[in-house]
Amino acid sequence: MKVTIELDEKADAIDALNGTEWRIAMFELDQELRGMVKHGFEKAKELNDCEIDTYHKCRELLRNFMNEYNLTFDV
């Protein structure tokens, strides 16, 4: 597929070109948070219930923002 876009601002062009990197970074963040919530460990440190709940809420926030902007990790 070929897509042609024209942007007036350099910052807009950079944002458009870096979209894949942003998606990958957010996916990795989501997976890291998922692992902490599911397994209760962060870099060999056992997490307490409060920490696990905080990571769970962070993951929910990420997912809510993604939904708000109609974003998904699926390609």
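A short reminder: the numbers here are calculations on the coordinates, not readings from a lab. Here the structure is a predicted model, which means the values were calculated and not measured. Cβ: placed from backbone, ideal geometry, glycine included. Neighbour counts: every protein chain shown.
Data table
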{"item": "The chain: chymotrypsin sites (Phe, Trp or Tyr not before Pro) in DSSP coil with no more than 10 other Cβ atoms inside 10 Å", "result": "Y69"}
{"item": "DSSP loop trypsin sites (Lys or Arg not before Pro) with at most 10 other Cβ within 10 Å: longest gap in the chain", "result": "3-42"}
{"item": "Neighbour net charge for E42 - beta-carbon separation under 10 angstrom, K R +1, D E -1", "result": "-1"}
{"item": "Neighbour net charge for F65 - beta-carbon separation under 15 angstrom, K R +1, D E -1", "result": "+1"}
{"item": "Rg to Rh, two decimals, where the chain supplies the alpha carbon set and Rh follows Kirkwood", "result": "1.14"}
{"item": "Other-chain or far-sequence residues with amide H under 5 Å of E42's (modelled H)", "result": "L47"}
{"item": "Approximate spin-label separation L61-L47, in nm, with each point projected 7 Å along Cα-to-Cβ", "result": "1.3 nm"}
{"item": "Dipole magnitude (debye, nearest 20) for the chain, charges at Cβ of Lys, Arg, Asp, Glu", "result": "300 debye"}
{"item": "Top positive-direction residue, dipole computed over the chain with Cβ charges, set T4, Y55, W22", "result": "Y55"}
{"item": "Two-site label geometry, I5 and N18: point separation in nm, points 7 Å out along Cα→Cβ", "result": "1.4 nm"}
{"item": "Residue-count net charge about R23 - beta-carbon cut-off 11 Å; Lys, Arg +1, Asp, Glu -1", "result": "-4"}
{"item": "The chain - percent relative contact order, Cα under 8 Å, separation 6 or more", "result": "24 percent"}
{"item": "Lysines whose Cα lies under 21 Å from that of K45, excluding same-chain neighbours fewer than 8 positions away", "result": "K57"}
